[in-house]
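Structure first, commentary second.
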Amino acid sequence: MLENVKAIYEEINQYNVASKEELEQFRMRFISRKGVITELFDGLKTVPADDRRALGQELNGLKNFAQERFDLFSQQVEEQQTSANSAPPVDLTLPTIPNLTGTQHPLSLVRQRIIQIFERIGFNVADGPEIESDWYNFGALNFPDNHPARDMQDTFFVAKDSSNPSNDMLLRTHTSNVQIRLMERQKPPIRSIMPGRVYRNETISARAHCMFHQVEGIYIDRNVGFKDLKDTLYHFVKEMFEPGTQIRFRPSYFPFTEPSAEIDISCQICGGKGCNICKHSGWVEIAGSGMVDPQVIANCGIDPEEFTGFAFGMGIERITQLKYVVNDLRLYTENDVRFLRQFEGL
Ligand code: PHE
């Protein structure tokens, strides 16, 4: 009988189960009441009483072993079954699922580039509030109350203060408010650029928007002159635009700078020959600039006899338009992925 036990161990050890049918065969042969192990148990009756106990233990061991194997096999079969049911058949000829990574918004790309250029020549980045008081947006910048220069920028007012118009709250119309805040809290030398969002009450069209972005720059120190302004902006244009781009300073007016100049560059689209973008003049305006008016410096508690400086401001949308030929301002805010994807990897 012991030989039989050994033979069954052997048989079970070599048994492999790959399907439900085979599992059932295993069960019939080793586990069921009609199986070989039950048969051996039945045979115990004929064994001499002295050997019965030891043999019984032996058979119990075998029975447990068969049961363990059975449990293991049924688990394996079950796992096979569920993974076969849930996983769809793999079709290796299908194209892969595209990996849609985001892209940087063109305005972010250009803002980063502008910051990089100025950081390399010693400007740091400053920030200020978008909801601003009349004083910081206008008053401190030499726009007296009721001065016509205020009409240059149509303003969204948020709250009026009837007792003191300087405290009227508004959405800033330019980033020049940061100029004032910087000069108020920092002693010269001040050499900063201030990128940010600005608002003007304009009807949205291809050429105008009620919300856009500027980068303003300011440099205040002893002996800062117009030559420094020119050098700085020449450098910027050289770094930002195509080689061979022409630059010109055109006299202009801002209440907070004197003298003031607007900066034009040769049109990037037609190379200066004349096209729709440059209105057939060959030149496009990219920035306003000037020597900070001594009165503005004094307004911030800095002595204008000791310190002078220049400031400039440009629109990020305009620079982006020229760099990437974007001819409708609305594209920047419509979130059309067909537009945005074109800037992938830049
Ligand atoms: N703040 C001006 C504007 O928004 C631009 C500017 C900034 C001009 C600094 C001169 C100096 O139009």
- Note on the structure: When the charge dipole of the chain is computed with +1 on Lys and Arg Cβ and -1 on Asp and Glu Cβ about the Cα centre, the Cα farthest towards its positive end, among Gly272, Cys210, Leu62, belongs to Gly272
- Message: What are the ³J(HN,Hα) couplings of the stretch 46-63, residue after residue, when phi is run through the Karplus curve with 6.51, -1.76, 1.60 and θ = phi - 60°? Round to Hz, x for glycine and proline.
- Response: 7, 7, x, 3, 5, 8, 4, 4, 4, 5, x, 4, 4, 5, 4, x, 5, 4
- Note on the structure: Quick calc of log₁₀ I(q)/I(0), the stretch 134-226, Debye, one scatterer on every Cα, no solvent, q values 0.15, 0.23 1/Å, result -0.67, -1.23
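Carbon and sulfur together cover what percent of the accessible area of the stretch 217-296 at a 1.4 Å probe radius?
Reported share for carbon and sulfur atoms: 49 percent.
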- Listed residue (Tyr136, Thr155, Asn124) projecting farthest to the positive dipole end of the stretch 106-157, Cβ model: Asn124
- Query: What does the accessible area per residue of the chain come to in Å², with a 1.4 Å probe and no ligands, DNA or RNA counted?
  - Reply: 57
- Item | Percent accessible area from carbon and sulfur atoms, the stretch 2-85, protein chains only, probe 1.4 Å | 47
- Along the stretch 122-129, Karplus-curve 3J(HN,Hα) (6.51, -1.76, 1.60; θ = phi - 60°) to the nearest Hz, with x for Gly and Pro, reads x, 8, 9, 9, 10, 9, x, x
- Taking the square root of 5λ for each eigenvalue of the C-alpha gyration tensor of the stretch 247-346, the equivalent ellipsoid has semi-axes, largest first and in whole angstrom, of 34, 18, 10
- Item | Dimensions in Å of the chain - Rg and Dmax from alpha carbons | 41.2, 125
- How much space per residue, in cubic angstrom, does the convex hull of the C-alpha atoms of the stretch 2-85 take up? 73
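Looking at the stretch 74-162, which GluC sites (Glu not before Pro) are in a loop (DSSP not H, G, I, E or B) and have at most 16 other Cβ atoms within 10 Å?
Sparse-neighbourhood loop GluC sites (Glu not before Pro): Glu130.
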- Message: Straight-line reach only, C-alpha to C-alpha below 18 angstrom: list the aspartates and glutamates that Lys323 could link to, leaving out same-chain residues fewer than 8 apart.
- Response: Glu239, Glu242, Asp264, Glu285, Glu344
- Message: Using the Cα centre of the stretch 106-343 as origin and beta-carbon charges of +1 (Lys, Arg) and -1 (Asp, Glu), tell me which of Pro189, Ser108, Ser289 is placed farthest towards the positive end of the dipole.
- Response: Ser108
- Message: Taking 8 Å as the Cα distance limit and 6 or more residues as the minimum spacing, I'd like the relative contact order of the stretch 2-85 as a percentage.
- Response: 38
- Task: Quick one: compute a quarter of the convex hull surface over the Cα atoms of the stretch 161-209 and quote it in nm².
- Result: 5.2
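Taking Cα pairs under 8 Å and at least six residues apart, what relative contact order does the chain come out at, in percent? Mind showing how you got there, number by number?
Details: 519 pairs, mean separation 51.7, N = 346.
Worked out over the chain, it gives 15 percent.
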- Message: Suppose each label sits 7 Å from its Cα in the direction of the beta carbon; what would the Leu2-Asn201 distance come out to in nanometres?
- Response: 10.8
- Would you work out the charge dipole size for the chain about its Cα centre, treating the Cβ of every Lys and Arg as +1 and the Cβ of every Asp and Glu as -1, and quote it to the nearest 20 debye? 560
- Task: Calculate how steeply helix 176-185 sits against the longest principal axis of the alpha-carbon atoms of the chain, using the helix alpha-carbon long axis, and give the answer as 0 to 90 degrees to the nearest 10.
- Result: 90
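The values are calculated or read from the model by the stated rules, or taken from the named source; none is laboratory data. Note that this is a predicted model, so its numbers are computed, not measured. Neighbour counts are summed over all protein chains in view; Cβ atoms, including those assigned to glycine, are modelled from backbone coordinates with ideal geometry. Please note that ligands, DNA and RNA were not included when accessible areas were found on the heavy atoms of the full protein model with its side chains. Shrake-Rupley method; radii C 1.70, N 1.55, O 1.52, S 1.80 Å.
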